[in-house]
1. How much of the DSSP bridge set in the chain is antiparallel, in percent, rounded to the nearest 5?
2. Rounded to whole Hz and in sequence order, give me ³J(HN,Hα) for region 8-24 from the Karplus expression 6.51 cos²θ - 1.76 cosθ + 1.60, θ = phi - 60°, writing x for Gly and Pro.
3. For region 44-224, what does the relative contact order come out to in percent, with C-alpha contacts under 8 Å and a separation of six or more?
4. Could you check how much of the accessible area of region 44-224 is carbon and sulfur, as a whole percent, using a 1.4 Å probe?
5. When the solvent-accessible surface of protein heavy atoms is calculated with a 1.4 angstrom probe, in what order do S167, S34 fall, highest first?
6. Give the accessible area for I202 in Å² (nearest 10); use a 1.4 Å probe, count only protein heavy atoms, and leave out ligands, DNA and RNA.
7. Would you compute, from DSSP H runs of 4+ residues alone, the mean residue ellipticity of the chain at 222 nm, taking -39500 (n - 2.57) per run and dividing by the full residue count, rounded to the nearest 500?
8. What accessible area per residue, rounded to a whole number of Å², is obtained for the chain using a probe radius of 1.4 Å?
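The values are calculated or read from the model by the stated rules, or taken from the named source; none is laboratory data. The model shown is predicted, which means the values in this text are computed figures rather than measured ones. Quick reminder, even Gly has a Cβ in these numbers, built from the backbone with ideal geometry, and neighbours come from all protein chains shown. Just the protein is used for accessible areas: all its heavy atoms, side chains included, with ligands, DNA and RNA removed. Shrake-Rupley method; radii C 1.70, N 1.55, O 1.52, S 1.80 Å.
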Amino acid sequence: MSEDPDVHTRRIARAGLDREDPTGWFEDLYSAASEGRAVVPWDRGTANPLLTEWFEASEPNGNGKTAVVIGAGTGWDAELVADRGYQTTAFDISPTAVDTAQRNHPDSQTQYVVADLLDQPADWHHAFDLVVEIYTVQALPISLQPTAVQKVGELVGPGGTLVVIASARREGQPDAEVEGPPWPLTRATIESFASAPDLRLIEVDESPSPSDPTATRWRAEFLRD
Ligand SMILES: C[S@@+](CC[C@H](N)C(=O)[O-])C[C@H]1O[C@@H](n2cnc3c(N)ncnc32)[C@H](O)[C@@H]1O
């Protein structure tokens, strides 16, 4: 495959979006990657450094606690969470992503499952002590983001923590000028995670992206009272 992975991914995404299927293209991409016909651009082969830093700074003890990793892809972030002692569920809408995660981590304690953030199992409602959302909401068109934000918040249990990591949209850039995917999140969208009942914004940081010095990323932490 000689085409740049980002360009190739956008082409696969565009085909899905043109058939008005904003989430079906993830399976197209992961299945092409599993056959060597594509590269998943966000598959770093390691946990997200901002999540690693968050664990180092917060030192949460996951023993006896539950966690869920949203849009878990090939599982690197979920493995970090499970290594910290959490009984971890990791889900993705793409069955091939879930298969790949299971194959990448054959001895894992993580439960990898196929599920849709926008139509999640009822027994996940307010069920998790730690919820990790990295780059899933921004992978959905802007029109779906308010629902996705609400669904992320619904996973957080009483006393639970939500960590959100996302690319930041350039200040003042209008929706119409954002050519996704991804559709990076505005500060207002980050703050809107706290619109859910009892979910409080504890901290939000904006830091430079390691891959693009002109771009920044959010890391935000929320707590459910
Ligand atoms: C940009 S990737 C990020 C993957 C991973 N979180 C990471 O940071 O490397 C977005 C992921 O979300 C998954 N996804 C997209 N829409 C979803 C949905 N509605 N429910 C569950 N997973 C979804 C995709 O299949 C993909 O693995």
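1. 45 percent
2. So the Karplus estimates, Gly and Pro as x, are 4, 4, 4, 5, 5, 5, 4, 4, x, 5, 5, 8, 6, 10, x, 10, x Hz.
3. Computed value for region 44-224: 17 percent relative contact order.
4. That fraction is 48 percent.
5. S34, S167
6. 80 Å²
7. It comes out at -9000 deg cm²/dmol, rounded to the nearest 500.
8. Accessible surface, normalised per residue, equals 48 Å².
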